[in-house]
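Enquirer: One structure follows; several queries about it will come next.
The values are calculated or read from the model by the stated rules, or taken from the named source; none is laboratory data. All values derive from a computational prediction rather than experimental measurement. Here the Cβ positions follow ideal geometry from the backbone for every residue, glycine too, while neighbour counts run over all protein chains shown.
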Amino acid sequence: ESSRLGKDLVFGFPNDLSYNGFVNKLKWHGFGNLSCFEITDLGSFEKIRQFIDPGITFSTNIENKKEIDGLWEKVKDRVIVGVPRGSEFLDWRFENNPEETYEIYYLKKEGKIIGYFVTKLYNDPEGHLIGHIIDFLTLKNDYFLEILYYAVSVLKKVNVERITFWINKGMIEGSEFDKIKDTILQKEMPRTFFGMKIVSDRLTEDQIEL
């Protein structure tokens, strides 16, 4: 279908059960797993407040959505694998999603957008309310700590039992969060993987850099 529509490649996130099938039978290119984290001790999360930049604020309002386009242009070169995440993407994927409800929060410093994060709520099989950080983008890796801190603060207000998120190592490498993550997180979630497959003659493996 993707080839028929004129696309050059497809990508996806197979789990433990399907990854080998994608790679060995369907001839996808596998690029390893994404780190999946879970925060269970929400009450003790205040201990990272000492690392938070007091000049950073967050809200659900943004005066000019084109600021998100500017943010994407500044960070896209360090996003190793991803889709363009400007204002149109946020509208399509989250704001106007007909099936799910998401909350988008924008981070500002000195009046300028420096990042955003998106949350959703769901119930696990036992009926526990879970908060999930489904997407985020930051001007600098260091700002992820602020995103995590503020996401915990808003999700605690709706009495979630725990908070989950996936993360690409390239988005936190060398940051304050990277330095302290082992003391505040419990890495207990099942793995997910990233893979892709070329579906046209216009693109070759030599043209793809990951």
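Enquirer: Scan segment 8-41 for residues that are surrounded by 14 or more Cβ atoms within 10 Å (Cβ to Cβ), of a type in the set (D, E, K, R) and touching a Pro at 6+ places or on another chain (Cβ under 8 Å) and report the count.
Expert: 0
Enquirer: Got a number for residues in segment 92-121 being more than 20 Å from Val10 (Cα to Cα) and free of Cβ contacts under 8 Å to residues at least 12 places away in the same chain? Give the steps one after another, and end with the answer.
Expert: First pass over segment 92-121, keeping only residues more than 20 Å from Val10 (Cα to Cα): 94-121.
Right, trim to free of Cβ contacts under 8 Å to residues at least 12 places away in the same chain and you get 95-99, 111.
Total satisfying the criteria: 6.
Okay, residues lined up against (1) buried (at least 19 other Cβ atoms within 10 Å of the Cβ); (2) more than 28 Å from Lys7 (Cα to Cα); (3) modelled with pLDDT of 70 or more:
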position	(1), (2), (3)
Asp135	yes, no, yes
Val152	yes, yes, yes
Val158	no, yes, yes
Glu173	no, yes, no
Met189	no, yes, no
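Enquirer: Which pairs have Cβ atoms under 9 Å, sit 6 or more apart or on different chains, and link a residue in segment 52-77 that is under 14 Å from Glu110 (Cα atoms) to one that is in a loop (DSSP other than H, G, I, E, B) and among the charged types (D, E, K, R)?
Expert: Pairs that qualify, where the first residue is under 14 Å from Glu110 (Cα atoms) and the partner is in a loop (DSSP other than H, G, I, E, B) and among the charged types (D, E, K, R), are Gly55/Glu110.
Enquirer: Also: Can you give me the number of residues within segment 78-94 that are farther than 20 Å from Leu34 by Cβ, out of contact with any helix residue (DSSP H, G or I) (no Cβ under 9 Å at 6 or more places or on another chain) and surrounded by 12 or more Cβ atoms within 10 Å (Cβ to Cβ)? Even if it seems obvious, please write down each step before you answer.
Expert: Initial filter on segment 78-94 (farther than 20 Å from Leu34 by Cβ): 86-88, 90-92.
Those left that are additionally out of contact with any helix residue (DSSP H, G or I) (no Cβ under 9 Å at 6 or more places or on another chain): 91-92.
Filter again for surrounded by 12 or more Cβ atoms within 10 Å (Cβ to Cβ), leaving 91.
So the count comes out to 1.
Enquirer: For residues that are more than 12 Å from Leu137 (Cβ to Cβ) and surrounded by 11 or more Cβ atoms within 10 Å (Cβ to Cβ), tally how many sit in segment 95-114. First the steps, then the outcome.
Expert: Quick first cut of segment 95-114, residues more than 12 Å from Leu137 (Cβ to Cβ) only: 95-103, 108-112.
Retained after the next criterion (residues that are surrounded by 11 or more Cβ atoms within 10 Å (Cβ to Cβ)): 95, 97, 100, 102-103, 108-109, 112.
Result for segment 95-114: 8.
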